[in-house]
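Enquirer: Below are the structure tokens for one structure; questions will follow.
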Number of protein chains: 4
Amino acid sequence: MRKEPFVTSASFVLKGIVPPVATPFTESHDIDIPSLERLIDFQIDAGVHGLFMLGSTSETATLTFAKRVRILETAARKAKGRVPLMAGTMDMATERVIEHARAAKDAGMDGLVVTAPYYIRPSQSEIIEHFRAIREAVGLPIVAYDIPGAVQTKLTRETVWTLADEGTIVGIKDSSGDEANFRGLLIEAQSRPHFSVMTGSELIIDSLLIAGATGSVPGIANVDPHGFVKIYDAVQAGDYETAKSEQDRLYKLFAITRCGDLARMGWTASALGGFKTAMMLRGMIATNVMGRPMTRLNDAEVAKVRSILVEGGLLDA
Amino acid sequence: MRKEPFVTSASFVLKGIVPPVATPFTESHDIDIPSLERLIDFQIDAGVHGLFMLGSTSETATLTFAKRVRILETAARKAKGRVPLMAGTMDMATERVIEHARAAKDAGMDGLVVTAPYYIRPSQSEIIEHFRAIREAVGLPIVAYDIPGAVQTKLTRETVWTLADEGTIVGIKDSSGDEANFRGLLIEAQSRPHFSVMTGSELIIDSLLIAGATGSVPGIANVDPHGFVKIYDAVQAGDYETAKSEQDRLYKLFAITRCGDLARMGWTASALGGFKTAMMLRGMIATNVMGRPMTRLNDAEVAKVRSILVEGGLLDA
Amino acid sequence: MRKEPFVTSASFVLKGIVPPVATPFTESHDIDIPSLERLIDFQIDAGVHGLFMLGSTSETATLTFAKRVRILETAARKAKGRVPLMAGTMDMATERVIEHARAAKDAGMDGLVVTAPYYIRPSQSEIIEHFRAIREAVGLPIVAYDIPGAVQTKLTRETVWTLADEGTIVGIKDSSGDEANFRGLLIEAQSRPHFSVMTGSELIIDSLLIAGATGSVPGIANVDPHGFVKIYDAVQAGDYETAKSEQDRLYKLFAITRCGDLARMGWTASALGGFKTAMMLRGMIATNVMGRPMTRLNDAEVAKVRSILVEGGLLDA
Amino acid sequence: MRKEPFVTSASFVLKGIVPPVATPFTESHDIDIPSLERLIDFQIDAGVHGLFMLGSTSETATLTFAKRVRILETAARKAKGRVPLMAGTMDMATERVIEHARAAKDAGMDGLVVTAPYYIRPSQSEIIEHFRAIREAVGLPIVAYDIPGAVQTKLTRETVWTLADEGTIVGIKDSSGDEANFRGLLIEAQSRPHFSVMTGSELIIDSLLIAGATGSVPGIANVDPHGFVKIYDAVQAGDYETAKSEQDRLYKLFAITRCGDLARMGWTASALGGFKTAMMLRGMIATNVMGRPMTRLNDAEVAKVRSILVEGGLLDA
């Protein structure tokens, strides 16, 4: 079932640093639109190469359909034309994902990011049918999102190439943590020059870019996009030492994800809450409120994040 | 935060055999309302003690919001007042579950079945907040649904009793497969006589009822509700031999869940597809179409289900 | 490869309560032979139907070959002829297990308990070859030991029946916690009357015996063998109420496994250390020293075990 | 408990390419000493920087104590003084590992490789006690071996630095596949210049060396040590392009691990059997016999390995 090339995808190449944009909330759990707009500007001004709205870092799992639409509309209004805009469509199965995908298209997104179905524990062939059905129904370029930690099922390389070679997907975002398999994607993508192989890693992006990754979707880029753009540019320029020392700096910054008390909250809340707290302290967003039922960092935990930012030179003491 | 007793729950005791009602589809993936109505009548006529609409067996993960509402409205119209009606609210996080819960209340359901949040990998205290928020927002009796195979997180006994003793939940449906922990629930429930301890097991219901379980939610009861009602009645009457031999018979019937080719489909599709195929062959529903992207059993697989039914005396040769 | 029936196994039927005998240590980590002898007498006097030396509860993984031999020789000297004696042979692969099995035969054991190989993550067919090779080499009756929590691989029912029907194994001890699968073993064993289907469960033995289990290998029987013999006898007599209330009592006693601080020790050390501490407090053994590197319960933890024993009526206040 | 520096470790720095040497067997499962000697020469002649005897690749889990000793004695006799010799001590708990460690010292090994205990599922503090006890008892330099896929428990970075900073271990071999955590080890090792941070990776060694790894322990180096030495030398020389293209070549060669039929054998047998078959085809060893109960590659599977070698230029067609 080889497809005609997408008109939209003809000009669409996902590459570089594409942060999964966090979702700022007001104290009453509404979307904080002014903060979101400020954040989008901050990211684009820092030189990122695209924006991924409604990713895992965006706490998309906690958002109602209506809230998702508001975020996409805000992104389109604010950023459209400046950088490519990707929309996550996270949901359990095909028909529900198609509803999200249609809303993303209506809102003007440039492409979709789609995971394997979950809750139902699908086979690889059911995953393939899932992607095909979404592509048929909506017609936007699709980047497959491999995140077995959240959805329980891994996209095998066979599945990826089946979908890529028939034209169903234009790239992959790999958040599996399986870097040996990722290298296999990179090697096998050498004969597929238009296919984007993006990593979700935040901690070894230099290595993965040097090995040939097309780009990265680092959650912590919400806090410090300049650092990731610097890594990307350094690798492009062959300056691996700069890339490495910048990655080492950002690795240490990642300590902000470990400030939450895991007796109170899950790892996800601690990590994403660390991002939001750092963004709040840096003035990018107004609160560190989390999507329900995730727990917000308390004063003591905020103080820990603050001291990491100060130590890292991102905040005055 | 002890709650006033619910008016609704005052008369609400979930017990006995409460099948998770399958969702019949037409060839074009619409809800097959006549089949659903026939199935509801069949179950009630068989003597079941309640119906659980929108369970895992109902392929709820594949259903759009609109389809879920149609199913609940059909159940209310057809069954209301004859048996208690429970509605599953499966979704990833609090606000989305509240939307489903409100629709269930509007449709006239008698109670809700709520899992832990998923995708976000919550802590137990986040799970507790999740249940509290839903109860505050909607006010229907809630049965907690422990299904770590689908949602990755287990409800600990501490979480269950925190929620039960403050009045947030009125029962639990345990589909964890951890029968040693389930016995702990039963022992600790001896001092909580109004709390329902239901098992999702299909294979050892006799043992769990003898040990004190309030009832069962067996998916395969869609195919043969009479058998499960017979087990329940036998245990109530102290006739354990009958219960055991009936359970042994139904254990063998469970072979219909293993007819799907796992190279083509996931275990979920094979199991639920086995149920639907058997129901189709027995004339209860019109097709064995599955919610997308799950794979439908093909002719060879249907033939395997048929021969199991014939061997089990549920179908003429 | 159907085998001639074993002379030894002709008279060998493993059934009833067969405790996995704990290994008492002196303060200097030697085997405490007098305590071991006292423990063996205590168990046999309580009416147990066999003894399983060198089980998981015996901390066999921590024992050198020489220490294992001393334990087997002590058991043979003390118990031989009074009850059947089984010997665990826990090790990673075939040739090493054969060495343990030969030592067990030399020491006069009546049968072997053999797990799947580990570290090497075998296939089911490699597991089958493993059992066949041990049986060929040593010629004692073998009970297969399904304990995936320790060895990572589960024995499938197909594997069990392949080995049983060709005469390689005479029974199974199931410590998998998968009670639905265990029921399948029981149903399929109905046509194999000489095959022992033993459970390793300590928490729902009444249910499993009622469902047809041949017997049980409960670790906590080291502390209170009389209780388990009482359950077994009650089920044999059809007095399920007594069996249930006795199991409920022993379920609560199992709290002694949760007294260790998991920041200091693993769950295994906490559980087995709880057993040993209770045995020490009841005067059966001299110390609660653990096999290295497992951590011994400290004074505060011993006090917790003591109060559970007092509450349970097993120790005077 | 800071230790005096080891005399032995003063001159001991583990770095570079240190293959885990395969164990050649005769048709009757004896150690094939001539093949082992030939293999050792082949490796040293290829320029490897050390040899790791009795690693996971050596099928150590299948070897009796006596066979392990023969292998170590052969290695000492053949290689002593030419390259550092490390000995694996794989076993379940402390006293058993000490027995292996003493034998290694007696055989003249230069250092030990020690995993976490297994079967008993230890805590991190029990793991720490395990390493301390071995070091106290034997006094050889210890490299910690992190291989959670085989032993179920991961060595945390906290555990590693506790052991390193007190002088208990001199390095780590990381076969966990968690490359983000490995980067953390590398960053934190920047202030510990004498600590070896080795990777067990075979598939992305170039990236890990560029990121600062001290060296690598690649199983497939048994088949093609020259390739790995070339990667190491290229990275040392700053020639990352050569390292990358050589790694890409060896990645493709890794297809020899996927020739075994997983319906017959486990992944371990397929992988290690692929290595041994390739070594046999290249004339380094006499047979592809595996340690029991692992399954040997059959003729059809050998043919697959052969064609991969031919395609990779390692064998004439």
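Enquirer: Provide a whole-number value for the mean count of partner chain Cβ atoms within 10 Å of the Cβ atoms in peptide D:86-92. Each step should come with its number before you reach the end.
Expert: Numbers: counts 0, 0, 0, 0, 2, 7, 11.
Partner-chain Cβ atoms within 10 Å, mean over residues of D:86-92: 3.
Enquirer: Could you give the Stokes-Einstein D for segment A:162-210 in µm² per second, using the C-alpha Kirkwood radius, 37 °C, 0.692 mPa s? Present the calculation step by step, with values, prior to reporting the outcome.
Expert: Details: Rh = 11.3 Å.
The diffusion coefficient I find is 290 µm²/s.
Enquirer: Further question: Which three semi-axes in whole Å describe the equivalent ellipsoid of chain B, each the square root of 5 times a Cα gyration tensor eigenvalue, listed largest first? Show your work: numbers first, answer last.
Expert: Values: eigenvalues 172, 103, 67 Å².
Value: 29, 23, 18 Å, ordered largest first.
Enquirer: Within a Cβ distance under 11 Å of B:Ala104, other residues only, what is the Lys/Arg minus Asp/Glu net charge? Mind dumping the intermediate values first?
Expert: Numbers: positive: B:Arg68, B:Arg102, B:Lys105; negative: B:Glu73, B:Glu99, B:Asp106, B:Asp110.
Within the 11 Å Cβ shell, the charges total -1.
Enquirer: Taking a probe of 1.4 angstrom, what is the accessible area of A:Ile187 in Å², to the nearest 10?
Expert: 20
Enquirer: Here's something else I'd like to know. Applying the Karplus parametrisation 6.51 cos²θ - 1.76 cosθ + 1.60 with θ = phi - 60° to the phi angles of segment A:109-118, what ³J(HN,Hα) value in whole Hz is obtained for each residue in order, glycine and proline being reported as x?
Expert: Using θ = phi - 60°, the values come out as 5, 8, x, 10, 10, 10, 8, 4, x, 9 Hz.
Enquirer: Over segment B:178-266, with the other protein chains present, what is the accessible area per residue in square angstrom, probe 1.4 angstrom?
Expert: Numbers: 2850 Å² over 89 residues.
Here the residues of segment B:178-266 average 32 Å² of exposed surface.
Enquirer: Give or take rounding to whole Å, what are the principal axis extents of the alpha carbon atoms in segment A:99-180, in descending order?
Expert: 36, 26, 22
Enquirer: Where does helix B:299-311 land angle-wise versus the long Cα axis of chain B, in degrees 0 to 90, nearest 10?
Expert: The two axes meet at around 80 degrees.
Enquirer: Under the convention of a label 7 Å out along Cα→Cβ, give the distances in nm from D:Ile33 to the same position in every other copy, shortest first.
Expert: Once sorted, the set of distances for D:Ile33 reads 3.8, 8.4, 8.6 nm.
Enquirer: Something else: Would you jot down the residues in segment A:282-300 that end up with at least 40 Å² less accessible area in the complete protein assembly than in the chain alone, with a 1.4 Å probe?
Expert: Residues meeting the cut-off: A:Arg292, A:Pro293.
Enquirer: Next up: Compute the accessible area of each residue in segment B:184-219 twice, once for its chain alone and once with every protein chain present, using a 1.4 Å probe on heavy atoms, and list those whose area falls by at least 30 Å².
Expert: By number: B:Ile187, B:Gln190, B:Ile204, B:Ser207, B:Ile210.
Enquirer: Which aspartates and glutamates does A:Lys78 reach when only Cα atoms under 15 Å apart count, and residues fewer than 8 places away in its own chain are ignored?
Expert: A:Asp32, A:Glu37, A:Asp41, A:Asp45, A:Asp110
Enquirer: Taking a 1.4 Å probe, which of B:Glu37, C:Glu73 shows the most accessible area, and what order do the others take after it?
Expert: Of B:Glu37, C:Glu73, the descending order of accessible area is C:Glu73, B:Glu37.
Enquirer: Helix C:179-188 sits at what angle to the longest principal axis of chain C, using alpha carbons and giving 0 to 90 degrees rounded to 10?
Expert: 40
Enquirer: Taking θ as phi - 60°, what are the ³J(HN,Hα) couplings along segment B:43-52 by the Karplus curve (6.51, -1.76, 1.60), each to the nearest whole Hz, with x for Gly and Pro?
Expert: 5, 5, 4, 6, x, 5, 9, x, 10, 10
Enquirer: Further question on the same structure: Using only alpha carbons, build the gyration tensor for segment D:41-119 and give me the equivalent ellipsoid semi-axes, biggest first, whole Å.
Expert: Numbers: eigenvalues 95, 30, 24 Å².
That gives 22, 12, 11 Å for the three semi-axes.
Enquirer: Helix D:267-281: angle to the longest alpha-carbon principal axis of chain D, degrees 0 to 90, nearest 10?
Expert: 60
Enquirer: Now for a different question. How many times 2.2 N^0.38 Å is the alpha carbon radius of gyration of the protein assembly as shown? Please list the in-between numbers first.
Expert: Numbers: Rg = 31.2 Å, N = 1268, 2.2 N^0.38 = 33.2 Å.
Dividing the Cα radius of gyration by 2.2 N^0.38 Å gives 0.94.
Enquirer: I would also like to ask the following. Ignoring ligands, DNA and RNA, what percent of the accessible area of chain D is carbon or sulfur (1.4 Å)? Don't jump to the answer; show the numbers that get you there.
Expert: Details: 5370 of 10430 Å².
Roughly 52 percent, rounded to a whole number.
Enquirer: List the distances, in nm and shortest first, from the label point of B:Gly149 to the matching label points in every other copy, placing each point 7 Å from Cα along the Cα-to-Cβ direction.
Expert: In ascending order, 1.9, 2.6, 2.7 nm.
Enquirer: Where the only charges are on Cβ atoms (+1 Lys, Arg; -1 Asp, Glu), what is the dipole of chain D about its Cα centre, to the nearest 20 debye?
Expert: Details: 34 positive and 38 negative charges, 80 e Å.
Charge dipole, chain D, about its Cα centre: 380 debye, nearest 20.
Enquirer: Enter the buried accessible area of the A/D pair, total of both sides, probe 1.4 Å, in Å² rounded to the nearest 100.
Expert: Details: alone 13260 and 13250 Å², together 24680 Å².
Counting both chains, the buried surface is close to 1800 Å².
Enquirer: Moving on. With N set to the residue count of segment C:235-284, report its C-alpha Rg divided by 2.2 N^0.38 Å to two decimal places. Mind showing how you got there, number by number?
Expert: On the way: Rg = 14.4 Å, N = 50, 2.2 N^0.38 = 9.7 Å.
Its radius of gyration relative to the 2.2 N^0.38 Å reference: 1.48.
Enquirer: To one decimal in nm, how far is B:Thr242 from the same spot in the other copies, if labels go 7 Å from Cα toward Cβ? Please give the shortest first.
Expert: Taking the point 7 Å beyond Cα along Cα→Cβ, the inter-copy spacings are 2.6, 8.3, 8.4 nm.
Enquirer: Also: What does the charge count around C:Ala137 come to, taking other residues whose C-beta lies under 11 Å from its C-beta (Lys +1, Arg +1, Asp -1, Glu -1)?
Expert: In short, +2.
Enquirer: For segment C:1-151, calculate the relative contact order in percent as a whole number, restricting contacts to Cα pairs under 8 Å that are 6 or more residues apart. Display every interim value, and only then the final one.
Expert: Details: 229 pairs, mean separation 31.7, N = 151.
Once divided by the residue count of segment C:1-151, the mean separation gives 21 percent.
Enquirer: For C:Gly171, list long-range residues whose amide hydrogen, built 1.01 Å from N in the peptide plane, is under 5 Å from its own amide hydrogen.
Expert: Here C:Ala144, C:Ser196 satisfy the definition.
Enquirer: A follow-up question, please. With n ≥ 4 as the cut-off for DSSP H runs, can you work out [θ] at 222 nm for chain A, using -39500 (n - 2.57) per run divided by the number of residues, rounded to the nearest 500? Walk me through the numbers on the way to the answer.
Expert: Values: 13 runs with 143 residues, N = 317.
So the helix-based figure for chain A works out to -13500 deg cm²/dmol.
Enquirer: Counting only DSSP beta bridges with both residues in the protein assembly as shown, tell me the antiparallel percent, nearest 5. Write down the numbers at each step before the final one.
Expert: On the way: 4 of 96 bridges.
So the antiparallel bridges in the protein assembly as shown amount to around 5 percent.
Enquirer: Looking at segment D:113-159, which residues lose a minimum of 40 Å² of accessible area between their chain alone and all protein chains in place, measuring with a 1.4 Å probe and not counting ligands or nucleic acids?
Expert: Residues meeting the cut-off: D:Tyr118, D:Tyr119, D:Ile120, D:Arg121, D:Glu126, D:Gly149, D:Ala150, D:Gln152.
Enquirer: Given a 1.4 Å probe and the protein chains all in place, what does the accessible area of C:Ile210 round to, in Å² to the nearest 10?
Expert: We get 30 Å² for C:Ile210.
Enquirer: Can I ask one more? Between beta-carbons, use under 14 Å as the cut-off and find the net charge around A:Lys154, counting Lys and Arg +1, Asp and Glu -1. All intermediate terms of the calculation are to be shown ahead of the outcome.
Expert: Working: positive: A:Arg121, A:Arg157, A:Lys173; negative: A:Glu126, A:Asp146, A:Glu158, A:Asp174, A:Asp178, A:Glu179.
Value of the local net charge: -3.
Enquirer: Next up: Can you return the lysines within cross-link range of D:Lys304? Criterion is Cα-Cα under 28 Å, with same-chain partners fewer than 8 residues away left out.
Expert: Counting by Cα, and skipping residues close in sequence, D:Lys304 has these lysines nearby: A:Lys154, D:Lys230, D:Lys244, D:Lys252, D:Lys276.
The values are calculated or read from the model by the stated rules, or taken from the named source; none is laboratory data. It should be emphasised that the depicted structure is a prediction, and the values quoted were computed from it without experimental measurement. In this analysis, Cβ positions are derived from the backbone assuming ideal geometry, glycine residues included, and neighbour counts consider all displayed protein chains. For accessibility, only protein heavy atoms count, side chains too; no ligands or nucleic acids. Shrake-Rupley method; radii C 1.70, N 1.55, O 1.52, S 1.80 Å.
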